[in-house]
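All of the numbers you see were taken from the coordinates with simple rules; none came from a lab. Computed from a predicted model, the values in this text were never measured in an experiment. Because the Cβ atoms are built from the backbone with ideal geometry, glycine has one as well, and the counts that use them run over all protein chains shown.
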Amino acid sequence: MTDYNTITLQDSAETTEFYADVISGLNSKPKTLPSKYFYDEQGSMLFDQICDLDEYYITRTESQIMDRYAHDMARTLGEKIALIELGSGSSRKTRLLLEEVAESTVYMPVDISREHLFKSAEQLAFDFPDLSIKPIHADFTQPIKLDNQIEDDYRKVVYFPGSTIGNFEPEQAVQLLSNISNLVDPDGGLLIGYDLIKDLNILEDAYNDSAGVTAAFNKNLLHRINQELDGNFDLDAFEHQAIFNPEEHRIEMHLISLKKQSVNIGESTFHFEKQESICTEYSHKYSMDSFREMALKAGFHEDRCWTDPNQYFAVCNYRL
Ligand code: AVI
């Protein structure tokens with residue numbers, strides 16, 4: 001195994017935080033669970049399957065944009081950049097960008113799932129032997145420390161693909177973008193992919209796929225609570241639901257209790273009414289104007305945008 005010089009989180013600290021977030025989410029009204037906990041090993045695998053679904057246009061469309069414009073993007077980013085990718089770095093779109101970036105690039109994938117991070121970093125190191133890779137095991141929703149891993153003459157650029165920014169509520173999204181602006185210094189940048197508002201049926205089908213993979217992905221969160229936090233959720237007593245909220249411009253994912261029931265997690269007990277929901281994820285969709293406005297609140301100025309012919313998705317470069 002490659003001996004990476006990495007920054008890691010403590011397992012016990014992760015479990016404590018997971019427990020605290022689950023208890024607080026299930027005590028709130030309406031009940032919620034944070035979507036960042038979808039991504040254990042099984043959840044990451046299910047998410048990879050979602051990305052290959054016909055209905056899930058997001059990955060395919062972003063890949064098409066990268067296929068066509070990665071060369072252009074890499075030229076826009078320039079030489080001597082530290083490319084800090086937030087979220088998993090195993091995907092095809094990352095590869096398309098890495099194939100085009102200057103040789104001097106240092107690639108720093110940041111991920112909360114240690115397994116996924118190291119596996120994909122190993123694979124990338126094999127496929128891109130000349131690329132300098134420095135994985136960082138961290139929760140990118142918190143300010144990230146790079147601990148002098150980058151030389152001073154490198155420009156920091158955060159790459160945040162996949163429309164993951166959409167999983168944050170607008171206020172949190174601005175906070176995250178502000179954290180990114182602090183991380184990259186005044187000469188740094190941001191290359192970000194986000195999902196555009198489109199026909200309601202296309203949106204809802206993407207989150208209610210016919211093979212039931214998204215449903216399994218959603219329910220895996222309950223399985224994870226059972227396994228890691230001593231829970232006793234009956235997965236058959238909850239149903240996956242995904243609906244578009246036109247006022248908030250977002251897909252909302254829920255787990256609906258199919259009966260009146262109680263669930264134990266460790267020492268705590270939670271009561272559910274029949275049809276009561278746990279909201280597990282928001283996936284916000286933007287217009288190019290609304291996203292530009294939001295980025296500006298964090299100090300980022302739009303430089304260039306690349307999109308597909310249907311205008312389903314956008315990848316934009318920002319400068320401070
Ligand atoms: C990671 N994120 C951008 C996905 C999305 O589309 O919001 C997560 C997802 N949830 C259900 N399907 C995919």
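Some observations on this one:
- Across the stretch 240-250, computed HN-Hα scalar couplings (Karplus, 6.51 cos²θ - 1.76 cosθ + 1.60, θ = phi - 60°) run 6, 9, 9, 10, 8, 9, x, 5, 9, 6, 8 Hz from first to last residue, x flagging Gly and Pro.
- Between G162 and G193, the built amide H atoms are under 5 Å apart, and every one of these is 5 or more places off in sequence or on another chain.
- Rounded to the nearest 0.05, the FRET efficiency derived from the C-beta distance between T76 and K145 at R0 = 30 Å is 0.65.
- Percent antiparallel among DSSP beta bridges (both partners in the chain, rounded to 5): 60
- Here the gap between E41 and K259, fully extended at 0.36 nm per residue and compared with their Cα-Cα distance, gives a gain of 75.5 nm.
- Annotation: extensible slack from E293 through A125 equals 56.8 nm (criterion: 0.36 nm per residue apart, minus Cα-Cα distance).
- Virtual spin-label span in nm between K274 and L235, 7 Å along Cα→Cβ: 2.5
- Residues F160, F18 in ascending order of nearby Cβ atoms (within 10 Å, fewest first): F18, F160.
- Anisotropy class of the stretch 167-212 from Cα gyration tensor, a/c 1.5 cut: prolate
- For the residues K145, K80, K219, a GNM of the chain with alpha-carbon springs under 10 Å puts the largest fluctuation on K145.
- Averaging the Cα positions of each part gives two centres, and for the stretch 138-162 and the stretch 59-82 these lie 18 Å apart.
- Qualifying lysines (Cα of each under 30 Å from Cα of K119; at least 8 residues distant if same chain): K36, K80, K93, K134, K145, K156, K219
- In the chain, helices alone account for a calculated mean residue ellipticity at 222 nm of -12000 deg cm²/dmol, with every DSSP H run of four or more residues adding -39,500 (n - 2.57).
- Nitroxide proxy distance, nm - points 7 Å out along Cα→Cβ at E17 and D199: 4.1
- Around the Cα centre of the chain, unit charges on the Cβ atoms of Lys, Arg, Asp and Glu (plus for the first two, minus for the last two) sum to a dipole of about 440 debye.
- Among the cysteines of the chain, those with no neighbouring cysteine Cβ under 4.7 Å are C51, C279.
- Amide proton proximity set for E281, modelled H, under 5 Å, gap of 5+: M253
- Simple label model, 7 Å out from Cα along Cβ direction - Q49 to V174, nm: 3.9
- Each Cα pair under 8 Å and six or more residues apart adds its separation to the average, and for the stretch 134-191 the resulting relative contact order is 47 percent.
- Top of K285, K198, K93 by mean-square fluctuation, Gaussian network on the chain, Cα under 10 Å: K198
- Exposure proxy shown here: for D199, D40, the number of other Cβ atoms within 10 Å sets the order, fewest to most, as D199, D40.
- When the stretch 194-290 is described by a simple charge dipole with +1 on each Lys and Arg Cβ and -1 on each Asp and Glu Cβ, the residue from A216, I197, F233 located farthest towards its positive end is F233.
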